[in-house]
Amino acid sequence: APIEAEALFWEGFLRARNGEFQKATKSLHQALWQAMASGYDEIEIRAATSLVHAEGFAQRQFEAGHRWAAHAHAVWKRSGGELKLLANLYNNQAILFAGEGAYEKAQEHIERALAIDRKIWGPQHPNIGKSLFNLAEVARLRGDLDQALAKAEQAMNSFRRSFSPGDPQVAKCLSLLGAIESERGDHGQALSYFQKAATILQQVFGTQRHPMVAEMLSNMGDQFNALGRYQEALSHGRRVLSICAEKSCESTIVPSAQFNLAWAMAKTGGDRAQARTLARLALKALAGRPDQEKLRKKISAWMATTKDTP
């Protein structure tokens, strides 16, 4: 029934927004089948589009993500769908391409989405912020940090106009600004951004033991290491691994935390053999991740200069 399809879609959409990607995928599959059975084209397009991100990107099922994108495009063309649905699909395809390291295709799809959204909504709509955010992330992945910072600041201005200060979208943009500043070498500023994002997410979810909070804690651990605050890095690394042992964390969070922990252990006179084991586990988990090339190189360089014994 159409009502059931719509309810299942929103359940899956909200689960994906909260980082519960496996549960989101299940709900979105059910929504799509219900929408197909009842001829509810808009929800079928929305569900397939959300699966591009929740299943394709977030769970590294790239082939599945591209199949869902093709499905959404086909239904959109057949049904004469609204342009706003196409813009959302382009943005999710961009995220998928970025995850594969296809940054030119990612940028091309974001710019298509941005052009549609500006035509439909004008320059102040939050969808403009979403596309600017994606452009900033692609620029960061390509190593153009000045462009990344400029687009991220534009995205933040858009989100602050559209959302409350405690909205997860604001936290997401703070996290991106933190990542950019970290790569620019300003680890104090990066830490401040990650701490602000963590505070928002803890308030949103009412707990520190949430996958999205774990991601911020892992990012903070990286900055603590860079600032020489190794005991705090150890504490944050252990907290992240504890959370992710219970929750379904995004696939880069655990290896990042493992390496942060390994680095801090070596710096504080810990078991270097265990530290290297953690680093090897992190490298294995990041294999085949073009979007994590910088972190893989960092881990490999660290292992080349760190022996099992002091």
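The values are calculated or read from the model by the stated rules, or taken from the named source; none is laboratory data. Being a predicted model, the structure only gives us computed values, none of them experimental. Every residue, glycine as well, gets a Cβ built from its backbone with ideal geometry; the counts of neighbours run over all protein chains shown.
Of note:
- Helices (runs of 4 or more DSSP H) fully within segment 11-123 counting 3 or more residues that are acidic (Asp, Glu): 41-51, 103-121
- Residue within segment 43-50 that is touching a residue at least 40 places away in the same chain (Cβ under 8 Å), out of contact with any Phe, Trp or Tyr (no Cβ under 8 Å at 6 or more places or on another chain) and over 22 Å from CYS244 (Cα atoms) present: no
- Unmet requirement for ASP167, which otherwise passes all of (1) farther than 26 Å from ASN225 by Cβ; (2) within 14 Å of the chain's Cα centre (by Cα); (3) charged (D, E, K, R): (2)
- Criterion violated by GLU250 - all others in (1) within 24 Å of GLY56 (Cβ to Cβ); (2) touching a helix residue (DSSP H, G or I) at 6+ places or on another chain (Cβ under 6 Å); (3) surrounded by 17 or more Cβ atoms within 10 Å (Cβ to Cβ); (4) charged (D, E, K, R) satisfied: (2)
- Pairs with Cβ under 7 Å, 6+ apart, first in segment 239-255 and within 20 Å of ARG17 (Cα to Cα), second aromatic (Phe, Trp, Tyr): SER248/PHE21
- Screening segment 124-148 for residues that are at pLDDT below 95, in a loop (DSSP other than H, G, I, E, B) and on the phi < 0 side of the Ramachandran plot and picking the one that is surrounded by the most Cβ atoms within 10 Å (Cβ to Cβ) gives HIS125.
- Filtered by the rule that a residue be among the aliphatic types (A, V, I, L, M) and within 13 Å of ALA257 (Cα to Cα), segment 214-237 gives ALA214, MET216, LEU217, MET220, ALA233, LEU234.
- The set of residues in segment 169-197 being crowded, with 24+ Cβ neighbours inside 10 Å and closer than 14 Å to GLY19 by Cβ consists of ALA171, ALA197.
- Residue check, LEU191 over 15 Å from the mean Cα position of the chain (by Cα) and over 22 Å from ARG15 (Cβ atoms): yes
- Some residue of segment 282-292 being crowded, with 17+ Cβ neighbours inside 10 Å and basic (Lys, Arg): yes
- Filtered residues of segment 28-37 (kept if buried (at least 17 other Cβ atoms within 10 Å of the Cβ) and either modelled with pLDDT under 95 or over 19 Å from LEU89 (Cβ atoms) (or both)): GLN30, GLN34
- Residues located in segment 184-213, provided they are of a type in the set (Gly, Ala, Ser) and modelled with pLDDT of 95 or more: GLY185, GLY188, ALA190, SER192, ALA197, ALA198
- Selection over segment 198-247 of residues that are surrounded by 18 or more Cβ atoms within 10 Å (Cβ to Cβ), more than 19 Å from the chain's Cα centre (by Cα) and not in a helix (DSSP H, G or I) gives a count of 1.
- Segment 67-93 residues that are over 9 Å from THR49 (Cβ atoms) and acidic (Asp, Glu), paired with ones that are at pLDDT below 95 and buried (at least 19 other Cβ atoms within 10 Å of the Cβ) (beta carbon under 9 Å, 6 or more apart): none
- Note on segment 251-310: among residues that are among the small types (Gly, Ala, Ser) and part of a loop (DSSP other than H, G, I, E, B), the one that is farthest from the chain's Cα centre (by Cα) is GLY269.
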